[in-house]
Amino acid sequence: MDHVVAEAGLAHASALGDRTRAAGLAGARHRYLEGHVRAAVAIEVRDGAYHSGGGALFHPLILEVLRRRHGEGRTSVSRRAPVGSAAHVLPPRDVGQAAGHRGRRVRQELGLAFQGFLLRAAHDAQRQHLRRRSALGFLRGVDVAPRSVHPDGRKHAYARDGEHDERPHHDQDDGDGAHLGLLLGCVHEPDGRCLPPRRSTQACLSRAPGRAFRAVFSRRTDLPLEANALTQRLAERRATGAQVLDLTESNPTRVGIPYHPDVVHALAREQCLVYAPEPFGLAAARAAVAAELSWPASQLLLTASTSEAYAYLFKLLCDPGDHVLVPAPSYPLLEHLARLESVVMDCYPLAYDGAWHIDLDAVRRATTKSTRAIVLVSPNNPTGNYLHQSELAALTELGLPLIADEVFASYPLLDVPTKASVLAAEGAVSFSLGGLSKLAALPQMKLGWIACNAPPEMLSPLLARLEIVADAFLSVATPVQLAVGDLLATRSVAHDAILKRTRANLTTLRDVLADTAATVLHVEGGWYATVRLPESQDDEAWALRFLEEDGVLVQPGYFFDFESGAYAVISLLTPEATLRDGAQRIAQRVG
């Protein structure tokens with residue numbers, strides 16, 4: 001007979017101070033772990049259903065929690081864990097943490113989580129339409145798969161061969177109640193792979209003599225806070241007043257780009273004093289964006305940024321622990337955005353053979369049953385390669401939702417007749433991301449958008465679910481929504497100036513580095529160029545040397561997850577005189 005060992009009943013009784021009931025729940029099923037008494041209540045599985053074992057006074061609602069947590073079709077962890085372990089409902093214990101300490105923490109967390117379940121359950125009737133099961137196949141729950149790890153602890157981007165492990169599954173909402181995994185507060189990190197162990201220095205902060213805060217911070221924000229060597233050297237150099245030729249600037253408002261004079265007046269509207277929230281954005285604003293994109297306004301959602309657009313789509317498509325594929329090299333913010341949504345980011349490589357392109361075979365190998373979406377960046381940042389028609393056709397065949405960041409799409413550096421928009425994918429669920437930040441060179445206006453496409457039978461439920469997400473935040477400010485029509489109408493002044501500068505700077509960079517050991521790689525569009533450097537030292541060493549000895553700041557390739565070699569990424573948005581001077585110093589240094 002299969003058993004599931006749960007401490008939820010004991011947690012609830014302890015939280016309520018009911019010692020008699022807690023003792024009854026423990027009964028004879030107590031055990032000792034590392035000198036600490038741990039009580040557990042056995043829940044038996046008979047005929048595919050959960051029952052309280054041994055006549056224990058187990059609360060029926062807690063039984064319901066466990067039934068939903070361990071629903072049909074899932075592998076029981078107890079098949080590989082000894083009876084008496086709490087693998088089903090307890091997160092992995094931190095290394096070196098005593099069992100008794102863990103037990104007290106879990107009992108506190110589960111008690112509060114159970115109370116949250118009761119509160120949420122009271123609202124199920126009126127919110128049931130928001131949690132109805134959909135026919136969308138891409139919103140199903142899947143396994144949490146293992147990931148390869150480098151010997152130094154970093155995640156391996158591609159290889160998974162030989163790594164197969166039995167992992168507990170997780171469910172999406174079953175349609176008639178709250179997401180029970182979230183309520184229990186522990187099931188979305190079943191083996192600790194998604195998030196790192198809690199750091200003991202952050203998990204317990206002093207509050208007063210004899211007291212402490214417990215588990216203050218989430219693991220998704222547990223990132224190194226130390227500055228890297230390049231940032232430290234840059235701060236030291238600027239503190240001394242030494243010159244720095246900055247070839248990394250990507251903020252168009254700080255590099256002398258001209259703007260149409262009417263931009264400053266676009267926000268001065270009396271209607272800004274009226275608040276009329278719309279989950280997808282004001283109709284007039286969506287119509288203005290729709291005209292710019294030649295896409296139906298009914299399939300557009302406005303966001304406060306492209307980053308927020310990613311967050312919305314990860315919420316729409318992924319449960320915590322699910323996987324998305326992203327290109328490498330690419331923009332490092334993608335990893336943080338995925339992590340903040342408790343989504344696992346797997347990388348697929350871009351290959352270079354005189355031009356950058358997606359390694360489609362690697363994408364196929366990286367795709368698993370846990371993969372929920374493929375992220376594309378067209379043109380990619382920083383490699384500058386567009387998504388091509390043949391690549392789009394091959395990716396569509398995988399049957400996964402496609403998320404394309406197309407913020408730089410209107411900045412071609414050469415003619416690319418085979419480039420394609422993800423919205424052209426036939427029969428696919430696809431999303432195109434854009435915004436004023438790049439299109440109108442107005443990052444401070446904080447307006448982005450998601451253009452959605454899907455087969456007819458999937459489009460309505462997709463938009464309905466996306467509306468749930470958007471309606472929870474309503475993040476786009478009214479003034480910028482009212483102004484977006486004028487901002488798009490006048491964008492050509494700044495846009496054309498940027499396009500002219502990026503093309504001129506690319507020509508300059510190629511000319512200056514033509515007869516040196518550095519090579520400017522092929523680039524099709526965007527605001528960046530990648531320079532391959534001699535491999536006599538790594539790219540961080542090159543970047544430090546350029547800064548310390550030549551006063552030139554570049555971004556080393558490892559910032560963007562270049563797989564091998566030494567690279568420097570240079571912003572083509574840099575003022576032309578600064579870029580020429582910096583390129584000449586690089587040329588002299590590399591020889």
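The values are calculated or read from the model by the stated rules, or taken from the named source; none is laboratory data. As the structure is a computational prediction, the values presented were derived from the model and not from experiment. FYI the Cβ positions are ideal-geometry reconstructions off the backbone, even for glycines, and counts take in every protein chain you see.
So the values come out like this:
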| item | result |
| --- | --- |
| Qualifying residue in the stretch 442-450 (condition: under 20 Å from Arg372 (Cα atoms), crowded, with 20+ Cβ neighbours inside 10 Å and of a type outside the set (A, V, I, L, M)) | no |
| Single residue of Val480, Val469 found to be closer than 22 Å to Pro279 by Cβ, buried (at least 21 other Cβ atoms within 10 Å of the Cβ) and modelled with pLDDT of 95 or more | Val480 |
| Hits in the stretch 560-581 (condition: polar (S, T, N, Q), closer than 18 Å to Val523 by Cα and not in a strand (DSSP E or B)) | Thr574 |
| Some residue of the stretch 297-314 being more than 25 Å from the chain's Cα centre (by Cα) and either surrounded by fewer than 19 Cβ atoms within 10 Å (Cβ to Cβ) or assigned to a loop (DSSP other than H, G, I, E, B) (or both) | yes |
| Candidates Leu423, Leu413 - the one that is in contact with a Cys (Cβ under 9 Å, 6 or more places away or on another chain), surrounded by fewer than 24 Cβ atoms within 10 Å (Cβ to Cβ) and modelled with pLDDT of 95 or more | Leu423 |
| Flag for Leu325 being touching a residue at least 24 places away in the same chain (Cβ under 8 Å) and assigned to a helix (DSSP H, G or I) | no |
| Helices (runs of 4 or more DSSP H) wholly inside the stretch 457-559 that include at least 3 residues being without any contact (Cβ under 8 Å) to a residue 12 or more places away in the chain and assigned by TED's automatic domain parsing to the domain that holds Leu234 | 492-512 |
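For every residue, the table says whether it meets (1) closer than 29 Å to Ile257 by Cβ; (2) surrounded by fewer than 19 Cβ atoms within 10 Å (Cβ to Cβ).
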site: Val523; (1), (2): yes, no
site: Arg545; (1), (2): no, yes
site: Ser564; (1), (2): no, yes
site: Ala577; (1), (2): yes, yes
site: Ile586; (1), (2): yes, no
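Results for (1) modelled with pLDDT under 95; (2) among the aliphatic types (A, V, I, L, M), shown as yes or no for each residue.
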position	(1), (2)
Ala227	yes, yes
Leu230	no, yes
Ala235	no, yes
Glu249	no, no
Gly256	no, no
His265	yes, no
